[in-house]
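What follows draws every value from the coordinates through simple rules; no lab data is involved. All values derive from a computational prediction rather than experimental measurement. Because the Cβ atoms are built from the backbone with ideal geometry, glycine has one as well, and the counts that use them run over all protein chains shown.
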């Protein structure tokens, strides 16, 4: 399947009318003025959308060159990742060209303007301001993000490739994991890591040793008490009484790559226990059921991580007496 057809399993808008497309796309994002700059007869609006928690992945194309003028946008961030073609983005006085080498981030409640090429197909991550600020442990004013970042910068490239893989996975298996709260929360948490990648701020000062120990204990207690529920970094940090970035620093100072990595390992142990119990009881439980119940969305990665941790496949555990 071509990336230009990503999320076709989740169609939202199909229209050849500029007025209809403007109204319906505006209902999802922000009210705007849509001007056809290219061949009007080529207009073929295709908008796919899947909600993931409070955020959403969108794939949008118009089929002809268009100018989009939303004025002052709504209270959400919008990461724009061209799959095909290019666009010129203006936001609060700044301007950037986005393409296969550059992505852009539109900030909330600022004036913006976009001009998309005839062949432009855009992958759009839409996230409410409140959700992004909570994920980053920031106040209501939120992070200072650059309008654009190079897609070949290592941390940005890693996120871009992963989000493309995720969108392909959603196309094929979305119906399986969308009904699992833990899985959906894990996916949204991953999507929001983009804002941490795009954030450029001074380093965080290390907390004192006693405070660090308390934060670490509280975080681990909260994680282990909620392995069967959605876990977000912001929630863990809130219960540890520190910001998400400070909590990540604490975990790194104590030999853990991150709080969510620790949570994933604990989820693996919980999944292993569930599989062992199912094998002993002779219950007809599927590996997929166990994986999704503990927030593992990608079955291939779950099997690989499980095998790395325990030296066997989850299916082998399930078949064992």
Could you work out which residue, out of 215, 303, 117, moves most in a Gaussian network model of the chain, that is, has the largest mean-square fluctuation with Cα springs under 10 Å?
303
For the modelled label position 7 Å from the Cα of residue 281 along Cα-to-Cβ, which residues of the stretch 296-321 have backbone nitrogen atoms closer than 18 Å?
315, 317-321
Say each of residue 24 and residue 41 gets a label point 7 Å from the Cα, pointing the same way as Cα to Cβ; how far apart are those two points in nm?
2.3
Among 308, 248, 188, whose mean-square fluctuation peaks in a Gaussian network model of the chain (Cα, cutoff 10 Å)?
308
At 222 nm, what helix-only mean residue ellipticity would the chain give, in deg cm²/dmol to the nearest 500, using -39500 (n - 2.57) for each DSSP H run of four or more?
-14000 deg cm²/dmol
Taking 0.36 nm per residue of separation between residue 100 and residue 144 and subtracting their Cα-Cα distance, the length gained on full extension comes to 13.5 nm
Over the Cα atoms of the stretch 202-321, what radius of gyration and what Dmax do you get, in Å?
16.4, 54
Cut-off 12 Å, label 7 Å out along Cα→Cβ of residue 269, residues of the stretch 229-247 by amide N
none
Extension gain residue 225-residue 155, at 0.36 nm per residue separation less the Cα-Cα distance, in nm?
22.0 nm
Cα-projected label distance for residue 304 with residue 8, points at 7 Å along beta-carbon direction, nm
2.7
Once all Cα-Cα distances of the stretch 8-74 are split into 5 Å bins that start at 0, what whole-number percent is in each one?
4, 17, 27, 26, 17, 7, 2, 0
Would you mind listing how long the stretch 16-151 runs along its three principal axes, going by Cα atoms, in whole Å with the largest first?
47, 27, 24
Rounded to the nearest 0.05, what FRET efficiency is calculated for residue 17 and residue 190 with R0 set to 41 Å and r the Cβ-Cβ distance?
0.70
Could you tell me the center-to-center distance, by alpha carbons, between the stretch 36-96 and the stretch 97-129 in angstrom?
6
Helix 154-177: angle to the longest alpha-carbon principal axis of the chain, degrees 0 to 90, nearest 10?
80
Quick one: among 286, 234, 101, which has the greatest mean-square fluctuation in a GNM of the chain with alpha-carbon springs under 10 angstrom?
286
In vacuo Debye sum over C-alpha of the chain, base-10 log of normalised intensity I(q)/I(0) at q = 0.14 Å⁻¹, listed in q order, is -1.11
